[in-house]
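What follows draws every value from the coordinates through simple rules; no lab data is involved. Quick caveat, the model's predicted, so the values are computed rather than measured.
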Amino acid sequence: MTGAGRKSIAAVMAAVLLVCAYPVTARADNDRIDELEEEIRQRKEEKEQTEGKIGESKEELENLQEATEGLKGQLNNLNADLTEVSNNLADLEEKIAAKNEEIEKTQEELEEAKKVEQDQYAAMKKRIQFMYEKQDYVVMEMLFGADNFTELLNRNDYIEQLSQYDREQFEEFKATREEIEEKEAQLQEEKEELDKLKVEVEAEQSRVAGLVSQTSGKISSYQNEISSTEAEMLEYEKQLQEQKNSIEQLQKELAEERRLSQLAAQSAWRDISGISFADGDRYLLANLIYCEAGNQPYEGQLAVGAVVINRVRSAVFPDTVVGVIYQNKQFSPVASGRLALALAEGHATQACYRAADEAMSGATTVGDCLFFRTPIEGLTGIQIGGHIFY
């Protein structure tokens with residue numbers, strides 16, 4: 001076995017231990033570096049704008065919370081005022097009810113006084129009528145019915161006292177009635193004042209209740225704005241994190257581009273005629289082509305094979321097919337296990353074998369490209385099917 005063959009077998013054994021490989025994701029040229037730097041600058045500007053929006057949202061949130069707390073204080077005061085006014089109204093209603101009872105009682109007293117006055121007046125009227133109609137009899141009775149002059153005088157005094165009593169009683173009942181009427185008028189006046197005050201207190205109660213409702217509505221509105229602003233700020237923070245992640249990823253891509261640019265600048269190439277292929281290289285390359293471009297047109301399958309051979313020719317990559325394919329973090333089917341499965345089951349098609357043969361003979365559809373991947377924004381190169389080669 002040749003030295004190259006032993007080197008290939010050793011590389012195959014070492015490659016079995018590798019478990020993670022990823023396709024390179026950037027072009028190794030200064031244009032791409034410039035593009036990445038510009039994109040990072042733009043993303044940073046967007047990040048600063050988002051940070052500004054978060055700051056504005058926080059300030060707005062603080063203002064809304066401060067306003068809400070102020071309104072809550074007002075609401076507490078208004079509720080206290082409303083409670084006081086309602087208590088005053090209840091007190092007034094009790095006073096009005098008591099005043100109505102007092103008026104009703106006074107009216108009953110007035111009716112009773114009027115009745116007593118009328119009864120007294122009727123009795124006095126009957127006595128006067130009797131004396132008027134029977135005055136001759138009364139006079140005769142007084143003159144001849146008395147046993148002596150003293151008795152006559154006593155009878156006369158009795159009649160005069162009776163008349164005086166009637167007059168006094170009449171005047172007393174009249175005064176009582178007038179007093180009760182005055183009391184009733186005073187009570188009615190006091191009730192009217194209470195009714196008027198009740199109307200004023202009810203108006204104040206309605207006003208304060210309206211302010212309570214209005215303030216509660218404002219608090220509810222501010223709380224809705226707070227919720228909306230908080231949701232908006234959370235969305236900005238999420239956007240900011242995504243922008244940070246994007247910038248971080250772009251910076252990694254930029255670092256990789258710079259590394260690849262340096263490698264490309266230092267790269268030296270061997271002629272295809274100076275490369276010795278080991279047993280199994282064709283089978284390995286055909287199955288890699290199947291995994292990477294089995295669903296691509298033949299031109300794209302050949303392009304994948306050409307990239308592998310170009311790396312074998314380049315001084316900055318391993319000098320064997322096995323070394324190139326199993327180099328750490330270069331081809332994703334290696335890490336995912338798809339290549340191992342394809343090798344175990346022989347998935348490569350005739351087209352894949354044909355592409356491997358042509359690539360190993362020096363044929364290429366992508367010149368000296370060393371990398372390929374699915375297209376991303378800003379990446380330029382030779383596009384064949386679903387891949388960009390650069």
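Annotations for the structure displayed:
- Cα shape, region 337-390, gyration tensor, a/c 1.5 rule: oblate
- Couplings for region 318-332, taken from phi via the Karplus curve 6.51 cos²θ - 1.76 cosθ + 1.60 with θ = phi - 60°, read x, 9, 10, 4, 4, x, 5, 5, 9, 5, 4, 6, 10, 10, 4 Hz in order; Gly and Pro are left as x.
- For region 192-260, the square roots of the Cα gyration tensor eigenvalues, ordered a ≥ b ≥ c, give a/c of at least 1.5 with a/b greater than b/c, which places it in the prolate category.
- Cα gyration tensor, region 268-321 - rounded (a/c under 1.5), prolate or oblate: prolate
- Net length available on complete extension from E108 to I382 is 87.1 nm, with 0.36 nm assigned per residue and the Cα-Cα distance removed.
- Taking amide hydrogens as placed 1.01 Å from N in the peptide plane, the amide H of I384 sits under 5 Å from those of F389, each at least 5 positions away in sequence or on another chain.
- Counting 0.36 nm for each residue step from S332 to D91 and taking away their Cα separation leaves a gain of 78.1 nm.
- The value for region 231-390 of Rg(Cα) / (2.2 N^0.38 Å) is 1.19.
- Bridgeable aspartates and glutamates around K114 (alpha carbons under 13 Å apart, same-chain partners fewer than 8 residues away excluded): E171, E172, E178, E179, E181.
- Unsatisfied cross-links (Cα-Cα over 24 Å) in the set K58/K238; K105/K174; K99/K196; K115/K198: K115/K198
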